[in-house]
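Here the structure is laid out as structure tokens; the discussion comes afterwards.
The values are calculated or read from the model by the stated rules, or taken from the named source; none is laboratory data. All of these numbers come straight from a predicted model, not from anything done at the bench. Heads up, the Cβs are rebuilt from the backbone with ideal geometry, glycines too, and the neighbour counts pull from every protein chain shown.
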Amino acid sequence: MRGLSKIEPGAWIHLGDPSGTEIDAVSAELGIDAELLRAPLDEEESARIDYEDGVNTIIVDIPHIVPTNDGFSYETIPLGVFLTPENIITVCLEETALAEDFWSNRVRDFDTAKKTRFLLQLLYRNATKYLRYLRMIDKASDRLENRLHKSMRNRELIQMLRLSKSLVYFSTSLKANEVILEKIMRSHNILKYEEDSDLLEDVIIENKQAIEMAGIYMEILSGTMDAFASLVSNNLNIVTKFLASMTIVMAIPSIFSGFWGMNFASMPFLNNPWGFYIVLGISLVATAVVTAIFWKKKMF
């Protein structure tokens, strides 16, 4: 919790990566079931909306950047929003950029005393985060594509696979959030004012746009990966064909040397002082002929 030394009516209590002691303290002071507050700390917790004992529970998936050895991975984690008659509580298993935007006043005109409007502002900011991270994924895939043109290493393909995996996470989470937004629109337990209707519509529109963008980027990335997989396979076939052709060409002199290396009295040019050069010339001519044939058939 930040900003206040004690919980006051109208306050926003944010628990990012909370300890058990913090959960129990908030539970005891506000009279909320501690297990309810711990629900968003489960990575597998699904998006849902519920109303119990005067508390509206909204759990949505938010985007989260995880550093890796060779860059970043984009994932989603649950965020729990609890609306009590007097306070707003948010719980997340990690400190995220979403909450930091509010702490840093990047979100204008928000008032924690207006709980429904603050919830919608939080959801709107979450949708814009998805859009921002989707653009970052698109730029990252473009950079990897340019690097793949030069390197053709497994490392770039693995990174593109990771981006594809992130897009699947985003698409699934956005669709789950869309269901929650529709339930909020129909819910009678969440008090909504007329001036909040436009904001709720904006949230739904932004979320739908993020879903469409995720779908488009998934198709583009999938097509790119398929194209590069075919390209790598084609390059392998070209290399194999080249090596096979070179093996045949290099085998021709060995064949001639093998024949003339036999110890037979009837061997042509055996007693000719120029025999070695004659055989060498024949083998070179045969090699040149085969090379020309392969070149004409574009085997090199």
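For region 196-212, a residue qualifies if it is within 17 Å of the chain's Cα centre (by Cα) and without any contact (Cβ under 8 Å) to a residue 40 or more places away in the chain, and exactly one does: E212. Annotation note: Cβ proximity below 8 Å between a residue of region 170-195 that is over 16 Å from L79 (Cβ atoms) and a residue that is small (G, A, S) (sequence gap 6+ or interchain) occurs for S171/A214; S171/G215.
Of all residues in region 29-45, those being surrounded by fewer than 11 Cβ atoms within 10 Å (Cβ to Cβ) and modelled with pLDDT of 90 or more number 1.
Among the residues of region 81-105, those that are within 18 Å of Y130 (Cβ to Cβ) and touching an Asp or Glu at 6+ places or on another chain (Cβ under 8 Å) comprise C92, E94. Could you look through region 122-176, keep only residues that are of a type in the set (F, W, Y) and more than 24 Å from F110 (Cβ to Cβ), and pick out the one that is surrounded by the most Cβ atoms within 10 Å (Cβ to Cβ)? Going through the qualifying residues, I end up with F170. For Y277, the conditions (1) under 30 Å from N154 (Cα atoms); (2) without any contact (Cβ under 8 Å) to a residue 40 or more places away in the chain all hold with the exception of (1). Residues that are of a type in the set (S, T, Y) and in a helix (DSSP H, G or I) were ranked within region 12-50; the one that is farthest from T90 (Cα to Cα) is T21. Of everything in region 162-184 that is of a type in the set (A, V, I, L, M) and out of contact with any helix residue (DSSP H, G or I) (no Cβ under 6 Å at 6 or more places or on another chain), the residue that is modelled with the lowest pLDDT is I184.
For region 223-250, residues that are surrounded by 12 or more Cβ atoms within 10 Å (Cβ to Cβ) and either at pLDDT 90 or above or in contact with a Leu (Cβ under 9 Å, 6 or more places away or on another chain) (or both) total 5. Which residues, counting only those in region 177-206, are surrounded by 14 or more Cβ atoms within 10 Å (Cβ to Cβ) and either aromatic (F, W, Y) or within 23 Å of R162 (Cα to Cα) (or both)? Passing the criteria: only N177.
Tell me, please, whether a residue that is among the aliphatic types (A, V, I, L, M) and within 24 Å of V55 (Cβ to Cβ) can be found in region 187-198.
The answer is yes; a qualifying residue exists.
Residues that are in contact (Cβ under 8 Å) with a residue 24 or more places away in the chain and either among the hydroxyl-bearing types (S, T, Y) or surrounded by 13 or more Cβ atoms within 10 Å (Cβ to Cβ) (or both) within region 46-58 comprise S46, A47, R48, I49, Y51, V55, N56, T57, I58, listed in sequence order. Of the residues making up region 271-300, those that are of a type in the set (F, W, Y) and either assigned to a helix (DSSP H, G or I) or surrounded by 11 or more Cβ atoms within 10 Å (Cβ to Cβ) (or both) are F276, Y277, F294, W295, F300.
All of (1) touching a strand residue (DSSP E or B) at 6+ places or on another chain (Cβ under 6 Å); (2) outside any helix (DSSP H, G or I) hold for N105 with one exception: (1). For region 108-161, filtered to residues that are within 30 Å of G10 (Cα to Cα), assigned to a helix (DSSP H, G or I) and of a type in the set (V, I, T), the residue that is modelled with the highest pLDDT is T128. Tell me, yes or no, whether region 75-97 has at least one residue that is under 21 Å from L163 (Cβ atoms), hydrophobic (A, V, I, L, M, F, W, C) and not in a strand (DSSP E or B). Scanning region 75-97, I find at least one residue that is under 21 Å from L163 (Cβ atoms), hydrophobic (A, V, I, L, M, F, W, C) and not in a strand (DSSP E or B), so the answer is yes.
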